[in-house]
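Enquirer: Mind having a look at this structure? Questions to follow.
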Amino acid sequence: MSETLVMIERADGVGTVSLNRPHRHNAVNDELYDAITAAFGAMSADPEVRVILLRGEGRSFCSGRDTAELGRRPGGESDLSFLRRHQATRLAQLDCPKPIVAALKGHVLGGGLEMALACDIRIAATNVQMAFPEIGYGLVTDTGGAPLTTMLAGPSRAKRMLMTGDPIDASTALQWGLVDEVVPPDDLDATATSLCVRLASRPAQLLALSKQIVDQAWGGAVRSGMGVELVSQLALFSQRRPVAGAN
């Protein structure tokens, strides 16, 4: 894992994962994706970490897939393999027994918004701009954006975000239930860290059970929605270029 692209800190039972491509608003290229996946795996397996804090360096949390690599597949990987691998990463995030708190600021777009919505609690700075810009590229969400937004904000608001690609600000995100608290940008890290430390003081087993009890009520719907996203995105990719050989 590249310590340059993802920085990890451990203190007071909190494992902090910081995306570190600030010059690209933490846009996710293949290398950063691998680093994020490795970081989540390390934090999930570390018995000293009870709570995970996800944040971004620089002005933004994450601006989604790096458009310079949009549609590119490492090593000739098929679209199906690529999408299933990325969905597996999102499901691993959802299934992590430890609470995951997201500290959001600036751009929270596309796959970055999907990553944020898959966290358990979201704290946003007042400068947040959330959007699903996929429709502008002739695509749809593919790692849970549609079902997660539907569960949190409701069907009509999810449709509005997906169909328009228009951004919403922090106050709207709070009103819609997409974030849980809004704070000034200078207070974001301290507020998120304080919450994580408080959660980490609770018994790990009770944290895991509380998370599972809540997730049991809606987790099946999210997985079903991700299955529809997979089929829909594959169909859209097949219209853009010849289908690659299956991996």
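Enquirer: Go over the candidates T143, T149 one by one and state the one that is in a helix (DSSP H, G or I) and either buried (at least 20 other Cβ atoms within 10 Å of the Cβ) or hydroxyl-bearing (S, T, Y) (or both).
Expert: Exactly one of T143, T149 is in a helix (DSSP H, G or I) and either buried (at least 20 other Cβ atoms within 10 Å of the Cβ) or hydroxyl-bearing (S, T, Y) (or both), namely T149.
Enquirer: State which residue is surrounded by the most Cβ atoms within 10 Å (Cβ to Cβ) when the search covers only region 212-232 and only residues that are touching a residue at least 24 places away in the same chain (Cβ under 8 Å) and small (G, A, S).
Expert: Restricting to residues being touching a residue at least 24 places away in the same chain (Cβ under 8 Å) and small (G, A, S), the top hit is G225.
Enquirer: Enumerate the pairs (first residue in region 57-84 and small (G, A, S) and at pLDDT 95 or above; second residue anywhere and in a strand (DSSP E or B) and surrounded by 20 or more Cβ atoms within 10 Å (Cβ to Cβ)) with beta-carbon separation below 6 Å, excluding pairs fewer than 6 apart on the same chain, so at least 6 apart or on different chains.
Expert: Sorted first by the residue in region 57-84, then by its partner, the pairs are S60/H107; S63/H107; S63/L109; G64/L109.
Enquirer: When region 1-27 is examined, which residues are found to be outside any strand (DSSP E or B), modelled with pLDDT of 95 or more, farther than 12 Å from S63 by Cα and hydrophobic (A, V, I, L, M, F, W, C)?
Expert: Across region 1-27, the qualifying residue is only L5.
Enquirer: For region 124-161, which positions are under 17 Å from L83 (Cβ atoms) and among the aliphatic types (A, V, I, L, M)?
Expert: L139, V140, A146, L148
Enquirer: If I ask for residues that are part of a strand (DSSP E or B) and within 20 Å of T67 (Cβ to Cβ), which ones from region 100-136 would you list?
Expert: Matches in region 100-136: H107, V108, L109, Q129, M130, A131.
Enquirer: Name the residue that is farthest from T37 (Cα to Cα), counting only residues in region 116-140 that are surrounded by fewer than 20 Cβ atoms within 10 Å (Cβ to Cβ) and among the β-branched types (V, I, T).
Expert: Per the stated criteria, the residue is T126.
Enquirer: Restricting attention to region 43-82, and to residues there that are of a type in the set (S, T, N, Q) and part of a loop (DSSP other than H, G, I, E, B), which single residue is farthest from A103 (Cα to Cα)?
Expert: In this case the residue turns out to be S78.
Enquirer: Answer yes or no: is there a residue in region 30-42 that is touching a residue at least 12 places away in the same chain (Cβ under 8 Å), in a loop (DSSP other than H, G, I, E, B) and either in contact with a helix residue (DSSP H, G or I) (Cβ under 7 Å, 6 or more places away or on another chain) or within 25 Å of Q212 (Cβ to Cβ) (or both).
Expert: So far as region 30-42 goes, no, none of its residues is touching a residue at least 12 places away in the same chain (Cβ under 8 Å), in a loop (DSSP other than H, G, I, E, B) and either in contact with a helix residue (DSSP H, G or I) (Cβ under 7 Å, 6 or more places away or on another chain) or within 25 Å of Q212 (Cβ to Cβ) (or both).
The values are calculated or read from the model by the stated rules, or taken from the named source; none is laboratory data. Quick caveat: nothing in here was measured; it's all calculated off a predicted structure. All Cβ positions, glycine included, derive from the backbone under ideal geometry; neighbour counts span all protein chains shown.
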